[in-house]
Amino acid sequence: MIRVVLPAHLRTLARVDGEVKLDVEGEVTQRSVIDALEARCARVRGTIRDQVTQQRRAFVRFFACEQDLSHESPDAPLPDAVTTGAEPFLIVGAMAGG
């Protein structure tokens, strides 16, 4: 069971409270987690990554185990602590401005 934490606006869009728990088949990667999330919560499709290019949206970041995984390959395996459910996979809305 993979635990995913969404920012408040995506929780509202997905109509979920707290963490989303997902079953991910095969290797647990950013891509497989987002695939499972979009399959379960279709309303978030296109908000986290572009539907054509499958690239992460510019103002979305991925974290796990206190590490920024945003620039890692979407097909790289996630840390064991995420795959066992000990730690969540965090999807965070980045802030910009000045």
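Where a number appears in this text, it was derived from the coordinates with a stated rule and is not lab data. This one's a predicted model, so the numbers in the text were calculated from it and none came from an experiment. So basically every Cβ, Gly included, is an ideal-geometry build from the backbone, and we count neighbours across all protein chains shown.
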Expected unfolding gain across residue 71-residue 16 under the 0.36 nm per residue rule, minus the alpha-carbon gap, is 17.1 nm
Under the Karplus relation 6.51 cos²θ - 1.76 cosθ + 1.60, θ = phi - 60°, what is the ordered set of whole-Hz ³J(HN,Hα) values for segment 22-34, x standing for Gly and Pro? 10, 9, 10, 8, x, 5, 8, 10, 4, 4, 5, 5, 5
The chain - percent relative contact order, Cα under 8 Å, separation 6 or more: 36 percent
Cα-based equivalent ellipsoid, segment 42-98: semi-axes from gyration tensor eigenvalues, Å: 20, 15, 11
State the extension gain, in nm to one decimal, for the chain segment bounded by residue 52 and residue 80, taking 0.36 nm per residue of separation less the distance between their alpha-carbons. 7.1 nm
Under the rule that an exposed site lies in a DSSP loop and has at most 16 other Cβ atoms within 10 Å, name the longest stretch of the chain with no trypsin sites (Lys or Arg not before Pro) of that kind, not counting the sites themselves. 58-98
Treat the chain as a sphere of radius equal to its Kirkwood radius over Cα pairs and apply Stokes-Einstein at 4 °C in a medium of 1.567 mPa s; give the translational diffusion coefficient in µm²/s, rounded to a whole number. 96 µm²/s
Please give me the summed charge of the neighbours of residue 62: other residues whose Cβ is under 12 Å from its Cβ, Lys and Arg +1, Asp and Glu -1. +3
